[in-house]
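Novice: This structure is in structure tokens; I'll ask about it shortly.
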Amino acid sequence: MGHKVYLLTGSVEGVKVVDRYKGVSVQRTPIMDLNWLSKRGLNGLLGEIEEVFGRFLNQVRPDVIHCHNLHYFSKPHAKTIEKLAKKNNIPLVLTAHNVWDDNLFLDLTRHISWDHIIAVSHFIKRELIGIGCPHRKITVIHHGIDQDSYNPETRYQSVFKKYPRLKNKKIIFHPARMGLAKGCDVTIKALRIIKERFPDVILILAGTRNIIDWASTQQKDIAYMVNLVDFFNMRDNVLIDAFMLEDMPKLYAASMVCVYPSSSCEPFGLTMLEALSSAKPMVVTETGGMPEIIKDGINGFVVPIKDFETLASRVVQLMANNELRDRLGYTGRQMVEQNFTKEIVTRNTLSIYRHLIG
């Protein structure tokens, strides 16, 4: 929309330090890389943080500084950007994509002088209010989606060449990364029931090669779920891979139903918008911000946490009823076009900037 955007973010192996992405100027540095910081520690980094942040701000001279998830990052980073924002009289905005139950979260959320906080869901806003953040300083702006990339007309046949096992199958897509918190185990248990009705069903589980995994649980979770698949003798009914970003719209388009039975307080879940934008109904759990987007019986279904039997029942209902599946998917696409496009989230964010600058 004609504005200049500069991003300072973490370095990634094999990726340019200075780059441009869709009109955005990108700079990458190790001191914003959570994986590197978790191994190196924060001791002795304050001077380097001040130097990198100061040089970046002097270079771009922003009208607004907008931080994402810095409330759980590290105190030296948050205090440094607060200090530089005050020194240069620049409004400081935080987008809270998550909430955490620890003292660092309390400290960096309440004791940094954020001029405004954007919450990605009403669930996140309630949690922020619950720890003492003033409600008038918090605005809910739901995520937006590139509705052109994820759309019902996506040609998906090429994905069958890449994954021949998917051809002529009834596909269920669980697009969140593999993990117990994402409910992948619940989906596998539900699949055993679904398979009785639809023997030619196949479940797609999306793995990932690059994740911040401080507790080292990711590989344990994946091993458990692979074991579960083998125990139920469903290896032929499950496809697990780390999919390329350009393949994701095709996988949605090729699917009949999408599921996301998270067992944690999911703050939002961008995959919901990807599914709805692709006109696919989604079944989610009644947790976190997900019921704000998925409306039971309107664009999908909402089921209790850990209830694999109800999940299976709803998926079978959708797979067996073409008219219902089409109606819920069509409604989901309409809701995206009316409420969750990239243009809408951009305008809503700009209104916060203008208020702070004005």
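Novice: Exactly one of these conditions fails for I124: (1) buried (at least 17 other Cβ atoms within 10 Å of the Cβ); (2) touching a helix residue (DSSP H, G or I) at 6+ places or on another chain (Cβ under 8 Å); (3) at pLDDT 95 or above. Give me its number.
Specialist: (2)
Novice: Then there is this: Could you give every pair whose Cβ atoms fall below 8 Å, whose first residue belongs to the stretch 245-265 and is closer than 17 Å to I202 by Cβ and assigned by TED's automatic domain parsing to the domain that holds D185, and whose second residue is in a helix (DSSP H, G or I) and among the β-branched types (V, I, T), counting only separations of at least 6 or pairs across chains?
Specialist: Sorted first by the residue in the stretch 245-265, then by its partner, the pairs are D247/V159; K250/V159; L251/V159; A254/V159; V257/V315; C258/T271; V259/T187; V259/V315.
Novice: Could you check the stretch 293-315 and list, in sequence order, the residues that are among the basic types (K, R) and within 23 Å of the chain's Cα centre (by Cα)? Break it down stepwise before answering.
Specialist: Taking the stretch 293-315 first, the residues among the basic types (K, R) are 295, 306, 314.
Within the stretch 293-315, K295, K306 qualify.
Novice: Considering only the stretch 74-99, how many residues are at pLDDT below 95 and exposed (fewer than 15 other Cβ atoms within 10 Å of the Cβ)?
Specialist: 1
Novice: Can you pull out every residue in the stretch 283-331 that is over 20 Å from A190 (Cβ atoms), among the hydrophobic types (A, V, I, L, M, F, W, C) and out of contact with any strand residue (DSSP E or B) (no Cβ under 9 Å at 6 or more places or on another chain)?
Specialist: Of everything in the stretch 283-331, just one residue is over 20 Å from A190 (Cβ atoms), among the hydrophobic types (A, V, I, L, M, F, W, C) and out of contact with any strand residue (DSSP E or B) (no Cβ under 9 Å at 6 or more places or on another chain), namely I298.
Novice: Okay, next question. Here's a check for you: in the stretch 245-276, which residue that is aliphatic (A, V, I, L, M) and within 16 Å of the chain's Cα centre (by Cα) is surrounded by the fewest Cβ atoms within 10 Å (Cβ to Cβ)? It would help to see each step written out before you state the result.
Specialist: Taking the stretch 245-276 first, the residues aliphatic (A, V, I, L, M) are 245, 248, 251, 253-254, 256-257, 259, 270, 272-273, 275-276.
Add one more test, that the residue is within 16 Å of the chain's Cα centre (by Cα), and what stays is 245, 248, 259, 270, 272-273, 275-276.
Working: L245: 7, M248: 20, V259: 33, L270: 17, M272: 29, L273: 25, A275: 33, L276: 31.
Ranking the qualifying residues of the stretch 245-276, first place goes to L245.
Novice: Still on this structure, I have one more. Residue check: is N103 touching a helix residue (DSSP H, G or I) at 6+ places or on another chain (Cβ under 7 Å), exposed (fewer than 14 other Cβ atoms within 10 Å of the Cβ) and either at pLDDT 95 or above or over 25 Å from E13 (Cα atoms) (or both)?
Specialist: Details: touching a helix residue (DSSP H, G or I) at 6+ places or on another chain (Cβ under 7 Å): no; exposed (fewer than 14 other Cβ atoms within 10 Å of the Cβ): yes; either at pLDDT 95 or above or over 25 Å from E13 (Cα atoms) (or both): yes.
No; evaluated as a whole, the condition is false for this residue.
Novice: Of all residues in the stretch 48-101, how many are among the β-branched types (V, I, T) and under 18 Å from I357 (Cβ atoms)?
Specialist: If we filter the stretch 48-101 for residues that are among the β-branched types (V, I, T), which is where we start, we get 49, 52, 60, 64-65, 80-81, 90, 93, 95, 99.
When the remaining residues are screened for being under 18 Å from I357 (Cβ atoms), the result is 60, 64-65, 81, 90, 93, 95.
Of the residues in that region, 7 qualify.
Novice: Select, from Y150, Y163, the only residue that is within 24 Å of the chain's Cα centre (by Cα) and of a type in the set (S, T, Y).
Specialist: Numbers: Y163 fails: within 24 Å of the chain's Cα centre (by Cα).
When all the criteria are applied, what remains is Y150.
Novice: Among the candidates Q147, Q219, Q157, single out the residue that is in contact with a strand residue (DSSP E or B) (Cβ under 8 Å, 6 or more places away or on another chain) and of a type in the set (S, T, N, Q). Talk me through it step by step, then tell me what you get.
Specialist: Numbers: Q219 fails: in contact with a strand residue (DSSP E or B) (Cβ under 8 Å, 6 or more places away or on another chain); Q157 fails: in contact with a strand residue (DSSP E or B) (Cβ under 8 Å, 6 or more places away or on another chain).
Sole residue among the options that is in contact with a strand residue (DSSP E or B) (Cβ under 8 Å, 6 or more places away or on another chain) and of a type in the set (S, T, N, Q): Q147.
Novice: Hey, another quick one. Considering only the stretch 49-58, state which residues are loosely packed, with under 14 Cβ neighbours inside 10 Å and either touching a residue at least 24 places away in the same chain (Cβ under 8 Å) or of a type in the set (D, E) (or both).
Specialist: If the condition is that a residue be loosely packed, with under 14 Cβ neighbours inside 10 Å and either touching a residue at least 24 places away in the same chain (Cβ under 8 Å) or of a type in the set (D, E) (or both), then E51 is the only one that fits.
Novice: Which ones in the stretch 110-121 are surrounded by 15 or more Cβ atoms within 10 Å (Cβ to Cβ) and over 30 Å from Q334 (Cα atoms)? Break it down into steps so the answer makes sense when it comes.
Specialist: Of all residues in the stretch 110-121, those surrounded by 15 or more Cβ atoms within 10 Å (Cβ to Cβ) come to 112, 114-121.
Those that are surrounded by 15 or more Cβ atoms within 10 Å (Cβ to Cβ) and over 30 Å from Q334 (Cα atoms): I112, W114, D115, H116.
Novice: Quick one: which residue in E309, E292 is out of contact with any Pro (no Cβ under 8 Å at 6 or more places or on another chain) and under 12 Å from G269 (Cα atoms)?
Specialist: So the residue among E309, E292 that is out of contact with any Pro (no Cβ under 8 Å at 6 or more places or on another chain) and under 12 Å from G269 (Cα atoms) is E292.
Novice: For T287, indicate whether it is polar (S, T, N, Q), surrounded by fewer than 23 Cβ atoms within 10 Å (Cβ to Cβ) and at pLDDT below 90. Spell out the reasoning first.
Specialist: Details: polar (S, T, N, Q): yes; surrounded by fewer than 23 Cβ atoms within 10 Å (Cβ to Cβ): yes; at pLDDT below 90: no.
No: the conditions fail for T287.
Novice: If you don't mind, another one. What's the total number of residues in the stretch 9-29 that are of a type in the set (A, V, I, L, M) and surrounded by 15 or more Cβ atoms within 10 Å (Cβ to Cβ)?
Specialist: Result for the stretch 9-29: 1.
Novice: Now, a different point. Please tell me if L37 is at pLDDT below 95, assigned by TED's automatic domain parsing to the domain that holds N88, of a type outside the set (F, W, Y) and under 23 Å from I118 (Cβ atoms).
Specialist: Working: at pLDDT below 95: yes; assigned by TED's automatic domain parsing to the domain that holds N88: yes; of a type outside the set (F, W, Y): yes; under 23 Å from I118 (Cβ atoms): no.
For L37, the condition - at pLDDT below 95, assigned by TED's automatic domain parsing to the domain that holds N88, of a type outside the set (F, W, Y) and under 23 Å from I118 (Cβ atoms) - is not met.
The values are calculated or read from the model by the stated rules, or taken from the named source; none is laboratory data. Just so you know, these numbers come straight off a predicted model, no measurement behind them. Backbone-built Cβ (ideal geometry, glycine too); neighbour counts: all protein chains shown.
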